[in-house]
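Comments concern the structure below.
The values are calculated or read from the model by the stated rules, or taken from the named source; none is laboratory data. Being a predicted model, the structure only gives us computed values, none of them experimental. So basically every Cβ, Gly included, is an ideal-geometry build from the backbone, and we count neighbours across all protein chains shown.
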């Protein structure tokens with residue numbers, strides 16, 4: 001029996017017996033039922049195909065969104081702009097109500113950017129996260145974490161007062177090579193109870209691209225900052241060494257360029273005062289302006305620590321640190337003391353402070369500040385050398401003038417006086433003799449005045465009192 005016949009018989013056996021007893025009716029019923037079953041299977045298949053097509057379309061849309069995010073990240077050159085793009089892209093890609101990015105340094109949260117809360121809510125919450133609880137877990141264990149309910153995790157410590165309640169959570173680390181730059185936090189999945197594995201994969205892919213983009217932007221920003229500081233150093237050298245009085249002009253210029261490049265709250269230079277053990281604020285800007293001319297004890301200060309160690313000394317809170325308490329001006333935040341030293345000498349200490357509440361100085365900041373302070377010390381040393389050279393040239397010029405006056409002018413005036421004496425001795429007329437003798441007295445007075453001028457110009461070249469110029 002053919003396979004098709006056997007299959008037809010098998011289906012026909014399962015059908016109910018016809019009521020009219022005719023075989024033809026049984027055949028028609030069997031065929032109609034089979035057609036109905038086929039239509040149901042086809043409808044299911046079409047439904048599945050439509051669902052699959054919808055899923056594929058949604059996946060393609062999310063992949064296009066990911067590609068679009070890649071393009072935005074690749075084009076961004078400013079680090080702050082880039083971090084904002086990352087937050088916006090992550091929130092859109094996975095459909096999160098809230099997005100945040102925490103920057104991590106040395107195992108602690110140093111920056112926290114967020115998106116999704118309005119200004120009033122942010123103001124009501126007030127404090128920024130410190131990297132504790134669930135956020136701290138991602139810092140300690142930088143791995144993807146997906147939760148249905150934030151509060152159910154054992155690391156959760158709850159939300160601050162006035163903070164909006166959040167349910168679902170997705171966190172992924174952002175790596176730059178083997179280093180963890182920070183973490184991407186997403187909360188409250190839109191239209192679902194929790195984030196899916198696809199959401200996690202998308203966020204992870206975005207974080208990988210973000211790490212590369214952040215690294216490139218940071219390198220570009222670092223290169224630009226180094227170039228700006230090098231330009232500032234060249235400008236400082238030109239301005240100081242081209243001035244008529246470079247030593248006096250140098251300190252204000254050093255302070256002005258440092259303030260312009262660092263956007264600091266205040267910059268000043270401290271040098272040893274005439275009184276032993278005292279520090280003099282020789283130049284300053286910003287919050288240090290009122291301290292110019294003020295003297296402070298060197299002992300127990302960050303000035304002493306910077307000079308002793310010859311390296312930058314950082315104080316996070318000047319009002320609490322005993323080395324700066326009572327010495328720091330009002331409005332001074334994190335402060336760094338930078339020794340202005342060269343191979344030849346130590347000229348002082350450059351102080352740079354931020355605003356209260358500012359984050360502490362980054363390693364790049366300290367490196368650039370230290371390089372500028374060393375360059376400023378060299379410029380100051382060259383300024384003093386330039387001034388000494390100018391004084392030496394002036395002294396040499398004065399000495400040459402003194403020698404010319406001594407050996408030429410005085411010599412000729414002396415010969416003139418001697419000639420007049422000879423003429424007076426041969427003259428018989430008393431009136432003429434008296435007139436000549438008066439002129440001889442004038443030449444003696446001229447010689448005395450010339451010798452006084454020579455002594456003022458160059459006392460070492462002055463002949464001994466009573467010495468007679470060589471004939």
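One table, with the values for the structure above:
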| quantity | calculated |
| --- | --- |
| Pair list, Cβ < 7 Å and 6+ apart or interchain, from the stretch 293-319 residues that are assigned by TED's automatic domain parsing to the domain that holds residue 273 and at positive phi to residues that are part of a loop (DSSP other than H, G, I, E, B) and surrounded by 17 or more Cβ atoms within 10 Å (Cβ to Cβ) | 300/323 |
| In the stretch 94-113, the residues that are modelled with pLDDT under 85 and buried (at least 18 other Cβ atoms within 10 Å of the Cβ) | none |
| Identity of the residue in the stretch 338-358, touching a strand residue (DSSP E or B) at 6+ places or on another chain (Cβ under 6 Å) and touching a residue at least 40 places away in the same chain (Cβ under 8 Å), that ends up farthest from residue 307 (Cα to Cα) | 353 |
| Some residue of the stretch 267-274 being farther than 20 Å from residue 384 by Cα and surrounded by fewer than 21 Cβ atoms within 10 Å (Cβ to Cβ) | no |
| Residue, farthest from the chain's Cα centre (by Cα), within the stretch 363-400, restricted to residues that are exposed (fewer than 14 other Cβ atoms within 10 Å of the Cβ) and modelled with pLDDT of 85 or more | 363 |
| Total residues in the stretch 89-115, condition more than 17 Å from residue 182 (Cα to Cα) and part of a helix (DSSP H, G or I) | 3 |
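Matching residues to (1) modelled with pLDDT of 85 or more; (2) surrounded by 15 or more Cβ atoms within 10 Å (Cβ to Cβ):
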residue: 248; (1), (2): no, no
residue: 255; (1), (2): yes, yes
residue: 259; (1), (2): yes, yes
residue: 262; (1), (2): no, yes
residue: 283; (1), (2): yes, yes
residue: 288; (1), (2): yes, yes
